[in-house]
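The structure appears below as structure tokens.
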Amino acid sequence: MFLRYNKKRIKKFAQWQRVPYRVKPMSQDEHECATCGRHYMGNYCPQCGQSAKIGRYSLKNAFLLFIDVWGLGNRGMFRAIRDLMLRPGYMIRDYLRGMQMAYFPPFKMLFLICALSLLVETGVNIQGINRYELYMEKEKEYAQKKQAEAKADDTLTAARKEAQVATYNIFYMLDDKARQNPQLTVLVYMLLFSGPLYLMFRHCPAIPDLRFSECFVAMVYIINMLLIFIIIPSFLCFSFKAEAYFDLFVLFLAIIPIKQLSGYSYWGTIWRIAVALIPLTIIVLTLFVVIMFLYIMLHPELFEHLA
Ligand SMILES: [Zn+2]
């Protein structure tokens, strides 16, 4: 009985997930525009574009104007967050089909979420601590320990010792740069991953003629979804180890929107992502080696011990 009840609910939820957002029917009341005085029916003044909802000043529209300062306005920010958590792939499909007024624009959302996560990392969390500094201190200690170990290791030649010291310097520096510029890091990874992912999903059942630009926009929304989840352990100040496990788990959640968006089965989605990960891994490793060489050539001081 209980099980059957739940099954029914799950089925209902699955049905709800697929239904696109519906704009409320237009009101049949006549309005007089507060700005230009025109009489009209509908939600917006046809002459000057002012919303029919704006009348006397209220706390609610004062608040909306206040959050509009950061570009949050009311273009579906909260709807986009809710749908990204409950029906991400279907929402992205609706957006790609043209429902752009219903959802907050993806790139703007990415930059706002990254700014928010940096705030949370550097102090706006339940303990009010700068987690970014704490983390980098730990990383530095680790790198210094490894460098000292390499120096003390008599089995290594002098050149190998220098190379190891430089490697830990570069690891530390890249980590620091990535944490300081989360937007840039995310965008670089997305640019690298979008090609392979596009090749695997361009003929998917739900969108058989998927364009590269659409695939990229979908990825931005998926990243937004992951970032919303990833802010939670930072805000609650999990230990760094617990946070790393949580983030890893969240990465697997990306399977859900890709499945919903593409129309493949779960297995069909998973193996395609796995195949797309192979070129990504090769590209990232190659880039890393290239960056290392460039840095070592340009910065000989990297061979010195971390201070
Ligand atoms: Zn008007």
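The values are calculated or read from the model by the stated rules, or taken from the named source; none is laboratory data. The shown structure was predicted, so the numbers you read here are calculated from the model rather than taken from an experiment. All Cβ positions, even for glycine, are placed from backbone atoms using ideal geometry, and neighbour counts span all protein chains on display. All accessible areas refer to the heavy atoms of the entire protein, side chains included, with ligands and DNA or RNA removed. Shrake-Rupley method; radii C 1.70, N 1.55, O 1.52, S 1.80 Å.
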Under the classification rounded if a/c is under 1.5, otherwise prolate if a/b is larger than b/c and oblate if not, where does the chain fall, given a ≥ b ≥ c as square roots of the Cα gyration tensor eigenvalues? prolate
Distance in nm between Ser265 and Phe246 label points, each 7 Å along Cα→Cβ, equals 3.5 nm
How many nm is it between the label spots at Leu156 and Arg179, if each spot is 7 Å from the Cα in line with the beta carbon? 2.3 nm
Within the accessible area of the stretch 51-184 (1.4 Å probe), percent carbon and sulfur: 60 percent
Accessible surface ranking that places the most exposed of Leu280, Leu65 first, with a 1.4 angstrom probe: Leu65, Leu280
Considering only protein heavy atoms and a probe of 1.4 Å, how much of the accessible area of the stretch 219-302 is carbon and sulfur, as a whole percent? 85 percent
Hydropathy at least 0.0 by Kyte-Doolittle, axial extent at least 18 angstrom from the Cα trace: which helices of the chain, defined as entire DSSP H runs, fit? 106-121, 182-201, 212-235, 240-253, 266-298
Report the net charge of residues surrounding Ser194, where surrounding means a beta-carbon distance below 13 angstrom and charges are Lys +1, Arg +1, Asp -1, Glu -1. +1
At R0 = 41 Å the Cβ-Cβ FRET efficiency linking Val275 and Gln127, nearest 0.05, sits at 0.45
How many Å² of accessible area per residue for the stretch 17-127, probe 1.4 Å? 66 Å²
Anyone know which of Asn43, Asn224, Asn169 comes out most mobile in the 10 Å Cα GNM of the chain? Asn43
Which entries of Lys138/Lys241; Lys140/Lys241; Lys24/Lys53; Lys151/Lys177; Lys11/Lys259; Lys24/Lys259 have Cα-Cα distances beyond 19 Å here? Lys151/Lys177; Lys24/Lys259
Classified through the alpha carbon gyration tensor (a ≥ b ≥ c as square roots of its eigenvalues; rounded if a/c is under 1.5, else prolate when a/b is larger than b/c, else oblate), the stretch 81-236 comes out oblate
Extension reserve of the Leu298-Tyr40 stretch, reckoned as 0.36 nm per residue once the Cα distance is removed: 86.2 nm
